[in-house]
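The values are calculated or read from the model by the stated rules, or taken from the named source; none is laboratory data. Predicted model, so just to flag it, every value in this text is computed and none were measured. Using ideal geometry, Cβ is built from the backbone for each residue, glycine included, and neighbour counts are taken over all protein chains shown. Just the protein is used for accessible areas: all its heavy atoms, side chains included, with ligands, DNA and RNA removed. Shrake-Rupley method; radii C 1.70, N 1.55, O 1.52, S 1.80 Å.
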Amino acid sequence: MAELNTGDGDGKKGGKVRSKKSNSKVDLTAMVDLAFLLITFFMLTTTLSKPQSMPLGLPDKQDDPTEKPIKVDENRTLTIMLGDNNKLVYYMGLLATPIAGPKEIAYGKEGIRAELLKRKKSVVEYTGNKDKGLIVIIKPGKKSNYRNLVDILDEMAIVGVPSNAIVNDFTPEELKLLESN
């Protein structure tokens, strides 16, 4: 049983004889039980925060090496390359014959987001079909940081780009473009 003793009142210090006080005891058993009941209640009723993650679709393992790669319309393809020191370069179409770019652009609302919105609208006008929208290829360089990749993936979610791919294969021309400046 849990209890609280307040002293025994034996007082033989001053030489005077005092009347003996009885010990006052407070039974704390009910309070301890109540505390454990409250702790248990709040532990069981509290929802723990679930980690938030972005869905990332990865391709299946390719078993057949003779399978031809899927060709995509270059008028629908925007390539974003991430370099070191927060460098971001994009181009629309093929690098040899680009529709737009290659151009260095900033992150954020006035930078890449505005460009993605503009290109998304132009692709829908080009195809005439909302289902055939913009395809974005994200190419993070070896010196780019993880935060920049997450920022670009966030921009894809904000703008609503349904098709994007992360590719780590660079052509020599793309490497030169990314390392310039």
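Quick notes
- Residue within region 122-130 that is in a helix (DSSP H, G or I) and in contact with a strand residue (DSSP E or B) (Cβ under 8 Å, 6 or more places away or on another chain) present: no
- So residue 180, is it open to solvent by 40 Å² or more (accessible area, probe 1.4 Å) and at pLDDT 80 or above: no
- Among residues of region 124-153, those that are without any contact (Cβ under 8 Å) to a residue 40 or more places away in the chain, out of contact with any Gly (no Cβ under 7 Å at 6 or more places or on another chain) and within 20 Å of residue 76 (Cα to Cα), counted: 5
The rows are residues; the columns are (1) crowded, with 19+ Cβ neighbours inside 10 Å; (2) within 17 Å of the chain's Cα centre (by Cα).
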| site | (1), (2) |
| --- | --- |
| 119 | yes, no |
| 124 | no, no |
| 133 | no, no |
| 138 | yes, yes |
| 143 | no, no |
| 146 | no, yes |
| 150 | no, yes |
| 153 | no, yes |
| 157 | no, yes |
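- Within region 144-181, the set of residues being part of a helix (DSSP H, G or I) and small (Gly, Ala, Ser) comprises just one member, 157.
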